[in-house]
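Bear in mind these aren't lab numbers, they're just calculated from the coordinates by the rules spelled out. This one's a predicted model, so the numbers in the text were calculated from it and none came from an experiment. Using ideal geometry, Cβ is built from the backbone for each residue, glycine included, and neighbour counts are taken over all protein chains shown.
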């Protein structure tokens, strides 16, 4: 092989390397994207296992109030109006608003519940006690602390209060079980009052002798949610 | 014979007094000797049970640079202990090392004392750094302790009012030292407080999210001082319920 051929060969090799260097990152991105499409994440898989809440487009669209963290005061909740088609059935309606609450606000810093948590089931007992069963992530991913745990429960209770008037009290289960605390602090063995006007001490025969506890540590919850001017968001 | 006559006379007396009662009228005094209701018993506040939350396999909140709530609150407990002992209080701790007693074990220590208050110490994962909040339980149904028997699951029911007073006294001291902290005690369903039969509060510092542990270390002596001064201010209000189950 003479010198001329050798130069040609080196030039071709250099060109191939250059093209490969340009194309390789694009190829890597494509492979990564297609892998993400093909393999659902653990969270997606979990959500698929839970029964999807059917949305009937014929249901009237209402401005549902979601209680997320206030952008002005981290320790408080703020109602945000979200345009949703809500079922008249209280159980379906509760599932719809809780799933919206779990999905979080546009600004993810203001979410009150962990992104990887899911609502597994919701029941409404004849005495007005709502039972919300969440995945384990609600306990494991909620930031540990009295303030953060109280805010998480308050956001659930206030959102149900604002959108599902049939619910008077709330019991929170984790993966179908009663647990001592949410993330080490807040007592989940109790019932939380949702509708402060309608709730009376329950006459329940299941579980422990449950006593309702007001879920009202946050300033918004302690005051009247109706007096707070809601912000509006389209969803 | 005379005893039997006395019993019959007493029975007639009782019947007569029952008949004399009208609906809505105050209940007449029973015709047999009763123990005069004792006035609220003023008991000296002597013992403070300090609870360093979490421990053992439960590190509590975790922050950057390996900050663990369980370690920090233990250090804070020793500082609070020193400040309280300087004020003449006797102090008991639910843990002295890296153990993790159960909620009930911690309450048991407090419930076995007479003239005690309970303070559980926490550091949160969230919240405005450099602030401190005090929590007491929301109202609990008083019938939980009906019959004078302590209902373990609702042991705090008789002490909620005193706990809030105690919490306000401590929070009042904290807000002077840590700007941005609330002025009054907050209410939250803290599990540890529910089974404690004594004035009981939770104190929570913000937060383990600080970049440097020294930020929290600097807060601790001032938190300890605030708790000791708050407790000293609360001391005159410390009147235990005279009868188990009665509201203070």
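Taking 0.36 nm per residue of sequence separation and subtracting the Cα-Cα distance, how much length would be gained by fully extending the chain between residue A:2 and residue A:30, in nm to one decimal? Could you put the intermediate results ahead of the total?
Working: separation 28, 0.36 × 28 = 10.08 nm, distance 4.14 nm.
My answer for the length gained is 5.9 nm.
Average partner chain C-beta neighbours within 10 Å, per residue of A:186-195?
Working: counts 4, 10, 2, 4, 8, 0, 2, 1, 0, 0.
Shielding by partners across A:186-195 averages 3.
The ellipsoid that matches the Cα gyration tensor of region A:116-205 has semi-axes, each √(5λ) in whole angstrom, of 21, 14, 12, with the longest given first. Placing a label point 7 Å from the Cα of residue A:62 along the Cα-to-Cβ direction, the residues of region A:68-82 whose backbone N falls under 13 Å of that point are A:82.
If the chain linking residue A:175 and residue A:73 were pulled fully straight, counting 0.36 nm for each residue of separation and taking away their Cα-Cα distance, it would gain 33.6 nm.
When you look at the Cβ of every residue in B:183-195, what mean number of other chain Cβ atoms sits within 10 Å? Show your work: numbers first, answer last.
Working: counts 0, 0, 0, 9, 7, 15, 17, 8, 12, 5, 1, 5, 1.
Mean partner-chain Cβ count within 10 Å for B:183-195: 6.
Listed from fewest to most Cβ neighbours within 10 Å, the set A:68, A:5, B:152 follows the order A:5, B:152, A:68.
With the Kirkwood sum run over all distinct C-alpha pairs, region B:149-243 has a hydrodynamic radius of 14.6 Å. Counting every other Cβ atom within 10 Å of each residue's Cβ, B:204, B:99 order from fewest to most as B:99, B:204.
How would A:32, B:165, A:168 line up from fewest to most surrounding beta-carbon atoms within 10 angstrom?
Details: A:32 10, B:165 18, A:168 24.
Listed from fewest to most nearby Cβ atoms, that is A:32, B:165, A:168.
Its residue count N sets the reference 2.2 N^0.38 Å, and the alpha-carbon radius of gyration of region B:98-167 equals 1.30 times that reference.
Legend: mean number of C-beta atoms from other chains within 10 angstrom of residue C-beta atoms, peptide A:136-147, equals 6.
By how many nm would the segment from residue A:14 to residue A:83 lengthen if fully extended, with 0.36 nm per residue of separation less the alpha-carbon distance? Write out the running numbers ahead of the final one.
Numbers: separation 69, 0.36 × 69 = 24.84 nm, distance 5.79 nm.
Working it through step by step, the gained length comes to 19.0 nm.
A Cα-only calculation for region B:43-173 places Rg and Dmax at 15.6, 52 Å. Peptides B:134-140, A:153-159, B:71-77 ranked from most to least packed by the mean count of surrounding Cβ atoms within 10 Å: A:153-159, B:134-140, B:71-77.
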